[in-house]
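Reading through the structure tokens given below for one structure.
Derivation of every value follows stated rules applied to the coordinates shown; laboratory data play no part. Fair warning: this is a prediction, and the values are worked out from it, not measured in the lab. Neighbour counts run over all protein chains shown; Cβ positions are idealised from the backbone, glycine included.
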């Protein structure tokens with residue numbers, strides 16, 4: 001069984017919304033609803049766990065029911081940091097029988113498509129995991145204390161997105177190893193890298209943006225509006 005673990009426990013501080021950016025309206029639906037609908041349409045995903053704050057349990061369940069999510073969905077409580085929330089989701093996944101691959105996705109990346117999800121899950125075969133990414137367009141520099149330390153080779157730099165899919169046992173082990181060392185990474189792939197895992201990069205989408213600021217929400221609305229016009 002392949003499981004999606006959707007992280008939707010963010011506080012929405014940069015969005016200026018205490019309720020959480022995942023419940024802000026994006027055209028005709030909450031941000032999280034768009035994400036859930038994408039995973040509903042992904043053929044590679046059999047079940048879903050949504051990790052959110054305790055006060056948002058009711059809203060999550062209402063979205064699941066209102067927008068026709070028929071796959072099995074569990075809602076579990078998140079932690080203080082994103083990494084804690086993913087770990088809580090993994091512990092909940094241990095209660096499910098036969099989880100093979102787990103695809104971790106930020107609930108605020110509402111423009112992800114079923115096809116990309118399926119590509120990431122398929123990419124796990126022959127490796128320990130697979131992540132979505134796009135080649136960097138800008139020159140990337142390492143900076144310390146306001147000064148450039150090194151200019152990286154742009155041909156070798158990628159901007160990494162979610163979904164990120166891994167064999168369940170590999171990801172759980174990587175999280176447990178990080179927790180024991182009190183190591184916090186910016187995504188799940190860095191934890192698997194740290195544990196010696198081999199991770200494949202699969203071409204993502206420039207439209208697969210993470211909605212973090214009001215500007216991001218405006219861009220997402222424009223992209224979705226264009227998609228709707230194209231489907232008419």
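Remarks
- Once the Cβ-Cβ distance of residue 65 and residue 205 is raised to the sixth power relative to R0 = 22 Å, the FRET efficiency obtained is 0.15.
- Percent of beta bridges antiparallel (DSSP, segment 1-153, rounded to nearest 5): 25 percent
- Taking 0.36 nm per residue of separation and subtracting the Cα-Cα distance, full extension of the segment from residue 159 to residue 95 would add 19.7 nm.
- Largest first, the extents of the alpha carbon coordinates of the chain on the three principal axes equal 50, 41, 33 Å.
- Both radii were evaluated on the Cα set of segment 160-201; the Rg over Rh quotient, with Rh as the Kirkwood radius, amounts to 0.93.
- Whole-number percent relative contact order across segment 84-228, with pairs defined as alpha carbons under 8 Å at least 6 apart: 31 percent
- As a calculated quantity, the FRET efficiency between residue 28 and residue 57 at R0 = 25 Å, using C-beta atoms, amounts to about 0.60.
- Distance between segment 124-165 and segment 14-92 - C-alpha centres, whole angstrom: 27 Å
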